[in-house]
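One structure below.
Read-outs: derived from the displayed coordinates by stated rules, not from any lab. Source: prediction; values computed, not measured. Glycine gets a Cβ as well: all are built from the backbone with ideal geometry, and neighbour counts include every protein chain shown.
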Amino acid sequence: MNIEAKDLSKVYGGGENRVTALDRASLSISPGDFISIMGPSGSGKSTLLHLLSGLDRPTSGRLTYDGRDIYSLSDRELSAFRRRRIGFIFQQFRLLPVLTARENIIMPLLLDRKQPDERYLQELAGMLGIRDRLTHLPHELSGGQQQRTAIARALIAGPDVIFADEPTGNLDSKSGGEVMELLKTVGKELGKALVVITHDSRIAAMAARRLTIVDGVLSEVAE
């Protein structure tokens, strides 16, 4: 799936209170891309991620997935599109504490009234090193294992693209590095595009394509 963002802008407020969170950002994402977007706090990273993934609508600009403008969809259609085509990984793991790792992973499928492919679930769990932790509750998992569970949840529906917002922010450097290596490997082996928002230069440097954002202005780092 090819994704094209053209002149995306997000403006809050008006007059003296007007704030431009994102200023005419353009970006193309192709299958298998590994892209990092780096910038300081308040630079517009999360705003861009929310617009690219359809979690928010822009003030102006256009976003297409294989030529289809997703902002033309109704809220209900867009919600279904996100569940089926887009995976999300957040800094906060967002695991439900009363559910096992397995139950957390398959939750997106159940919301879409689908049954999990047990073979694919086991494959994912094996790739992420949590196959023996699927029956454990989140509080019984380490931070790295919780984030691996969140990654499996993002991948379980077979999305075309994974958006990760500071995915190592709650992990120590060792666990964070391991998680990013896993994300990179899994994305490559499964042919998924991966877009990572980060303020960590070490994480950003792992990507094949690197972009920076400052004061809402997006630019690509030359090779």
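A few comments on the model shown:
- Global form of the stretch 1-109, assessed from the alpha-carbon gyration tensor, a/c cut-off 1.5: prolate
- Per-residue 3J(HN,Hα) values for the stretch 65-78, derived from phi via the Karplus relation 6.51 cos²θ - 1.76 cosθ + 1.60 with θ = phi - 60°, read 10, 6, x, 9, 6, 6, 6, 7, 6, 5, 4, 5, 5, 5 Hz in sequence order (x marks Gly and Pro).
- For the peptides 174-186, 140-152, 74-86, the ranking by packing is 140-152, 174-186, 74-86, with the highest mean count of neighbouring Cβ atoms within 10 Å listed first.
- Taking amide H as placed 1.01 Å from N in the peptide plane, the amide H of PHE34 sits under 5 Å from that of LEU194, ALA208, ARG209, each at least 5 places away or on another chain.
- Evaluated over the stretch 73-218, the Cα radius of gyration and Dmax, each in Å: 15.1, 45
- Eligible lysines near LYS174 by straight Cα distance, threshold 29 Å, same-chain separation 8 or greater: LYS45, LYS184, LYS188, LYS192
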